[in-house]
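Notes follow the structure.
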Amino acid sequence: MLGEKLIHYFFLFPYHSKYRVYNNIFEVNLNLMVEKHAPEFIDEGEKQKIDFFEGDVHLGHYDFRFDFNDKKYFSISQDGTGRIRIHSQTNIKKVWVLLEDEDFRPIELRNYATTERFIFWGTQIEFRSNIAKFSFAATTDDDLNIYIGSSGVANFISPSEKWIYNSETFPRHTIPDWVYGGVMYQIFPDRFSNSDESLNPDGTVEWGLPPTRLDFQGGDLYGVINNLDHIESLGVNIIYLNPIFLSSSTHKYDAWDHFKVDPVLGGDDALKKLIDECHKKNIKVVLDCSLNHVHPRHFAFQDIIEKGEKSKYKDWFTVFDYPVRFIHRPHLYSNTYKVGWDGNEEEYKRYLDKTFKETKVPVEIKEDDGPIVEPSFKAWWGVPDMPKVNFENKEARKWALDVTKHWIENFDIDGWRMDVAKELDFSFWKDFRDIAHSSKKDVLLISEIFGDTSQWLQGDRFDGTMNYSFRETMTDFFATKRINTKEFSDSLAYLYSMYSFEALSSCQNLLSSHDVKRFLNRCGNNEDGVLGAIFLQATFPGIAGIYYGDEIGLGGADDPFNRAPFPWENNDLWNTKILKYTQELMNIKNSNSIFKYGRFELVQYDEHIVAFRRILKDESLVCIVNRDKSNKDINIVSNAHSANIIFGDCEAKLDEGLLKITNNSEIGLIIHEQ
């Protein structure tokens, strides 16, 4: 009625538990008012001011974290709904997003995780118009009211302090649907399976010998094809191949020719057959290479060796001094420990002899002090057989983009994992994404970057990264046990809040790789630590990354021991407990829509367990981590109508708003609530 004041009033209906709240907004007459939140527009025509609170607001110093341009705070999901997150200090009781689209709609955010430092708030919004504006309001534990606009804490929200979302111009991060809930199997080709000894390079050693940096064991792509049933049994829907291009090394990050599959792996025909067989099983294939550096036998570098400064490719690389050469100081081999190689002088000599012979780079002997070998050109971390490409050169960039599209367009690969990605020009990766998506929309682009990769994961460069931060948390809790359940709970909150849901879903949550110790080794061969980490791979958002052999308990410390051959012919070496555990959990992950699309919320922790939920619409999965296999009873607040155990051995029942779990001594439990 005209002249009658209306207020927006929140009724909070717990849907599933105290951690799952849906908000409904009602307009009520003043004489029915229960709370004093009274949002309304002042100067209704121009909407110069939003008043959400009645009375004073507090202009103190508060720690709220929100960045509209960082998708971990604001992103748009596949169905067009908006995901909003804001982080606050821990004495904040409630947070609202003050949304303006067709109407003014204050929406209370849910607390999805609390740590010692922050409360993490989030919500999903269905926008009602193409353009929406929003700001935030909050209340402290002692009932102080706060407005937060684009300039920070404010006494009221003016038009200039609102974030503006335009659905037609906002850059979304879109990823292939097959990525959600993915299980990735990483293969180091030379060490996976030797199917055809006629392909073996000269000097191939007997399969199963302890690995070295230089010796081949003869694995090939046909060996991968022959073992696809084993890979499929693990719930795998993505195979990631370490580099396969023409190279004289076992690792092949020093490619001679980026347009040719190495014949010792079966050549182009083997890759085509592998991709065809994988696609029949709905398994995607992701290739790996380095565009950052090449082998000196690369055609452009060979031209520089031959023609010197007159080469048309001279600006593809950085040459410090002509003629291109290696400066060799053989009298300093006792310093091998300074360049790695575990101080193994004989192995390093063998490597350099091979390098000098193969590369066709002239060698100058010196007897002064300095590195054992010193390239006269810029090499990746000084490694002599890895000249670094200069991405400021347009033709060099074009070459790299041609590599990118060649394998997508001509071989139908499903994605790329890019080596040492942060060491290339940052702007290049935009062109890389554009060319990859113009070749095939449904591709996955993963970077190799250790640590926080946020600036590369905004939807305009990479989709995800090799999530070594995930591995570090698993190591700290399950392997070294240097953190307790509270710290582990905090770490899960930080991991989930590190990236947008799309980026996190695209991250390879690995435990082992060709660059780090195998996780069983990190656990001191304690299989329970491995099982606990596998449980997190299966239940936490992201792609579960299985490094070949981890599923059977293959061990190994740092390179080269983390690249041991797969013991196909010796089943006595297989840890069948780890294998069965991996198979069961990964097949659950890859087939369950809640694990694919469900949001994450911490539930509780105590001295023994950490519990969290994955939530999708009106269903959830309660995941309980019990590292030390305590048999203590567990009670979790729940508003579910039914609860069923889908993984683990225990008893679970609903009783007066509690999910009661007894007779449990499992490392991990998954219980379905509905």
> Tell me, what are the semi-axes, in whole angstrom and largest first, of the equivalent ellipsoid of segment 250-374 as set by the roots of 5 times the Cα gyration tensor eigenvalues?
Replying inline: 34, 21, 11
>> Given segment 155-251, report the % of alpha carbon pairs whose separation exceeds 23 Å.
In response: 50 percent
> If packing is taken as the mean number of other Cβ atoms within 10 Å per residue, what is the order of 313-323, 413-423, highest first?
Replying inline: 413-423, 313-323
> When all alpha-carbon pairs of segment 386-469 are counted, what percent fall beyond 23 Å?
Replying inline: 19 percent
> For segment 85-200, what is the convex hull volume of the alpha-carbon atoms per residue, in Å³?
Replying inline: 199 Å³
>> Restricting everything to alpha-carbon atoms, can you work out Rg to Rh for segment 540-674 with a Kirkwood hydrodynamic radius?
In response: 1.05
> Counting only protein heavy atoms and using a 1.4 Å probe, what share of the accessible area of the chain belongs to carbon plus sulfur, as a whole percent?
Replying inline: 46 percent
>> Using only DSSP helix segments of four residues or longer, with each worth -39500 (n - 2.57), what per-residue ellipticity at 222 nm results for the chain after dividing by its residue count and rounding to 500?
In response: -6500 deg cm²/dmol
> Want the number for ASP618 to PHE170: 0.36 nm per residue separation, take away the alpha-carbon distance, what's left?
Replying inline: 158.3 nm
> Along the charge dipole of the chain, which of TYR348, PRO330, ILE615 sits closest to the positive end, that is, farthest toward it, with unit charges on the beta carbon of Lys, Arg, Asp and Glu (+1, +1, -1, -1)?
Replying inline: PRO330
> In debye, nearest 20: dipole of segment 500-556 around its Cα centre with unit charges on the Cβ of K, R (+) and D, E (-)?
Replying inline: 140 debye
> Between ARG482 and ASP606, 0.36 nm times their residue separation minus their Cα-Cα distance comes to what?
Replying inline: 43.0 nm
> Taking the Cα centre of the chain as the origin, how large is its charge dipole in debye, to the nearest 20, when only Lys and Arg (+1) and Asp and Glu (-1) carry charge on their Cβ atoms?
Replying inline: 280 debye
>> Kirkwood hydrodynamic radius, computed over distinct alpha-carbon pairs, for segment 208-278: how many Å, to one decimal?
In response: 13.1 Å
> Among all the lysines, which ones have a C-alpha under 21 Å from LYS394's C-alpha, if same-chain residues fewer than 8 places away are not counted?
Replying inline: LYS307, LYS310, LYS312, LYS314, LYS378, LYS405, LYS422, LYS430
> Hey, what's the per residue convex hull volume over the C-alpha atoms of segment 50-142, in cubic angstrom?
Replying inline: 110 Å³
> Projected onto the charge dipole of the chain (+1 at Lys/Arg Cβ, -1 at Asp/Glu Cβ, origin at the Cα centre), which of PRO375, THR139, PHE535 gives the Cα projection farthest towards the positive end?
Replying inline: PRO375
> In the chain, if every C-alpha pair distance is counted and binned at 20 Å from zero, what percent goes to each bin?
Replying inline: 17, 44, 29, 9, 1
>> With a 1.4 Å probe and all protein chains left in place, how much accessible area per residue does segment 503-588 have, in Å²?
In response: 29 Å²
>> So if I place +1 on the C-beta of Lys and Arg and -1 on the C-beta of Asp and Glu, and nothing else carries charge, what would the dipole magnitude of segment 129-204 be about its Cα centre? I want it in debye, nearest 20.
In response: 460 debye
> Along the charge dipole of the chain, which of ILE365, GLY668, LEU585 sits closest to the positive end, that is, farthest toward it, with unit charges on the beta carbon of Lys, Arg, Asp and Glu (+1, +1, -1, -1)?
Replying inline: ILE365
> Which of the helices in the chain, when you take each full DSSP H run, stretch at least 30 Å along the axis at their Cα atoms and have an average Kyte-Doolittle score of 1.0 or higher?
Replying inline: none
>> Rolling a 1.4 Å sphere over the protein heavy atoms, what is the accessible area per residue of segment 37-191, to the nearest Å²?
In response: 41 Å²
>> Going by average Cβ density within 10 Å per residue, which order do the peptides 355-365, 332-342, 624-634 take, highest to lowest?
In response: 624-634, 355-365, 332-342
>> Treating only the Cα positions of segment 521-588 as identical point scatterers, give the base-10 log of I(q)/I(0) from the Debye formula at each q in 0.18, 0.20, 0.24, 0.25 Å⁻¹.
In response: -0.70, -0.86, -1.17, -1.23
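The values are calculated or read from the model by the stated rules, or taken from the named source; none is laboratory data. What you see is a predicted model; the values in this text were computed from it and never measured. FYI the Cβ positions are ideal-geometry reconstructions off the backbone, even for glycines, and counts take in every protein chain you see. For accessibility, only protein heavy atoms count, side chains too; no ligands or nucleic acids. Shrake-Rupley method; radii C 1.70, N 1.55, O 1.52, S 1.80 Å.
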